[in-house]
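Inspection log for the structure reproduced underneath, given as structure tokens.
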Amino acid sequence: MGLPETVPYLEWRWDDLVFLAMAGMMLGAALFVVLGRDIIRSGLWLVLSFAGLAGIYALLGSPFMAVTQVLVYMGAISVLILFAIMITQSKSGPARLVFQRQAWAGAVAAIALVLLLVMAVLLTAWPLAGDQIVPQEARDIAMLLFDDYLFAFEVVAVLLLAAVIGGLYLARRDPDMPETNRLGGPRGSDEDSA
Amino acid sequence: MSQSLEAYLVLSVLLFGIGVFGFLARRNAIAMLMSIEIMLNAVNLAIVAFGAFTPELAAQASTIALFVVAVAAGEATVGLAIVIAIYRNRRTPLVDEYASMRE
């Protein structure tokens, strides 16, 4: 038993329905990330936003990128961000004010940028773009990655190694620094706010 | 709708705008890094969309997007490490209290 050609009662194509669902999930979750008051919930909404984008990659005929999105973003980077939130979370901080005082200016700038870019997208002709999706084969990606882009691939490998070493170096505890002794203890209020 | 390049590009622009607003408005350094991740995701979506609708670019786009993902992973690692290192000294993740990098 297969699905009917179009969505019942709506007469949409199934692709459109999935596109709208994934896009709505991605944008809504991203808005919750940006507007949410509780930062740990922002981190969890970020995972949902990544999931919506993975669905859109699958819809775009690029299952390789969808799997990469799930592995790297939903799996690795979100865990990294959640750990960093847990390390830097402090109850006594002034968490009530999550936005800068100039947040309205940021909103105006972001809306202006969106309008400008939407106009640019809609007014451009895109002469090379076809009118249907070309599925991307993982085999072709592998051929490119290990042939044409082999040097870039190796450079990225070295870059990731450097990033890991640099991250470890930056985040490690400095034994000479007296501040680290207070890390586990209760947070003093008078000296820290000074 | 789902078979037109413009729909995906507009979606990418909207996601990028949300990221820009978050980066400009949030006070928490980690929230700003999350906004940067959202912006990088939007750019990746645009790259993959271009590849999906242009037969000559089909595999190239995924390859370039893969490089973007790798560099973004490195950026997240170093960025979060910097935030944690500053937190060790200043005891706050809020960027408007980082007015100077030394005491």
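Tabulated values for the structure
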| item | result |
| --- | --- |
| Qualifying residue in region A:35-42 (condition: within 7 Å of chain B (Cβ to nearest Cβ) and touching a helix residue (DSSP H, G or I) at 6+ places or on another chain (Cβ under 6 Å)) | yes |
| Residue identified as assigned to a helix (DSSP H, G or I), open to solvent by less than 30 Å² (accessible area, probe 1.4 Å) and within 18 Å of A:Ala54 (Cβ to Cβ) among B:Val68, B:Val48, B:Val83 | B:Val48 |
| Test result for A:Leu113, closer than 28 Å to A:Phe64 by Cα, at the interface with chain B (Cβ under 8 Å from one of its Cβ atoms) and in contact with a helix residue (DSSP H, G or I) (Cβ under 9 Å, 6 or more places away or on another chain) | no |
| Unique match (being in a helix (DSSP H, G or I), under 13 Å from the mean Cα position of the chain (by Cα) and of a type outside the set (D, E, K, R)) among A:Ala76, A:Ala58, A:Ala21 | A:Ala76 |
| Pairs where the first residue, in region A:114-134, is free of Cβ contacts under 8 Å to residues at least 24 places away in the same chain and the second is surrounded by 12 or more Cβ atoms within 10 Å (Cβ to Cβ) and among the small types (Gly, Ala, Ser), C-beta under 8 Å, 6+ apart | A:Val114/B:Gly17; A:Leu117/B:Gly17; A:Asp131/B:Ser4 |
| Given (1) more than 7 Å from every other protein chain (Cβ to nearest Cβ); (2) farther than 25 Å from A:Phe64 by Cβ; (3) open to solvent by less than 10 Å² (accessible area, probe 1.4 Å); (4) of a type outside the set (S, T, N, Q), number of the condition B:Met32 does not satisfy | (3) |
| Count of residues meeting criterion [without any contact (Cβ under 8 Å) to a residue 24 or more places away in the chain and either crowded, with 22+ Cβ neighbours inside 10 Å or not charged (D, E, K, R) (or both)] in region A:8-20 | 7 |
| Options B:Ala99, B:Ala70, B:Ala61; residue that is more than 7 Å from chain A (Cβ to nearest Cβ) and over 26 Å from A:Ala120 (Cα atoms) | B:Ala99 |
| Among the residues listed as B:Thr77, B:Thr92, the single one being outside any helix (DSSP H, G or I) and at the interface with another protein chain (Cβ under 7 Å from one of its Cβ atoms) | B:Thr92 |
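The values are calculated or read from the model by the stated rules, or taken from the named source; none is laboratory data. It should be emphasised that the depicted structure is a prediction, and the values quoted were computed from it without experimental measurement. Quick reminder, even Gly has a Cβ in these numbers, built from the backbone with ideal geometry, and neighbours come from all protein chains shown. Surface areas here come from the heavy atoms of the whole protein model, side chains and all, with no ligands, DNA or RNA. Shrake-Rupley method; radii C 1.70, N 1.55, O 1.52, S 1.80 Å.
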